[in-house]
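Participant: Structure provided below as structure tokens; questions to follow.
Just so it is clear, none of the values below were taken in a lab; they were calculated from the coordinates. Given the structure is predicted, the values throughout are model-derived calculations rather than measurements. Neighbour counts are summed over all protein chains in view; Cβ atoms, including those assigned to glycine, are modelled from backbone coordinates with ideal geometry.
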Amino acid sequence: MSTQPDCIFCKIVAGELPASIVYQDAQMVVFRDIAPKAEVHLLAIPRKHIASLDDLAANDAELIAHMMLKLPELAREQGLTDGYRTIINTGAGGGQVVFHLHIHLLGGKRLPGF
Ligand code: 5GP
Ligand code: ZN
């Protein structure tokens, strides 16, 4: 599994940095955001280091499909019966701060529109 030495999300995957993990399997890890922007704020990440959506390769298709298909399941488990929001920030201009691909899953009280 490819890891990046200075990547905090790789460290969470490796168990070197604590996180409130809500789900994990062979391909992905899901944990609570340390600074939640909604009642429920999860981050879903691939175990392998992919810096951003820009770095996703054609042979990651199965991985990203697996992650996307897991999100509705996680939302249901978190009690988000009325809906939820998924966000991927890409690049500095897109608001990406941690350069290990992650999908934000937010919900709880009705979220403000864009
Ligand atoms: P980005 O802006 O890159 O899309 O989002 C990065 C997210 O990671 C932010 O919402 C931030 O609160 C969260 N985050 C940053 N460092 C940590 C950490 O060490 N642990 C956890 N659980 N979340 C983090
Ligand atoms: Zn990483």
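Participant: Starting from a Cα-only point model with no solvent, please compute log10 I(q)/I(0) by Debye for the stretch 8-107 at q = 0.18, 0.19, 0.20, 0.24 1/Å.
Facilitator: -0.84, -0.94, -1.05, -1.48
Participant: May I ask you to sort 31, 114 by Cβ crowding, counting other Cβ atoms within 10 Å and putting the fewest first?
Facilitator: Neighbour counts put them in this order, fewest first: 114, 31.
Participant: Please work out the C-alpha center-to-center distance from the stretch 15-40 to the stretch 44-71 and express it in whole Å.
Facilitator: Comparing the Cα centres of the stretch 15-40 and the stretch 44-71, I get a distance of 16 Å.
Participant: What is the order of 86, 81, fewest Cβ neighbours within 10 Å to most?
Facilitator: Least crowded to most crowded, the residues run 81, 86.
Participant: Taking H as built 1.01 Å from N, whose amide H comes closer than 5 Å to the amide H of residue 47, not counting residues under 5 places away?
Facilitator: 28, 29
Participant: Moving on. Compute the long axis of helix 61-77 from its Cα atoms, compare it with the longest principal axis of the Cα atoms of the chain, and write down the angle in degrees, 0 to 90, nearest 10.
Facilitator: 30 degrees
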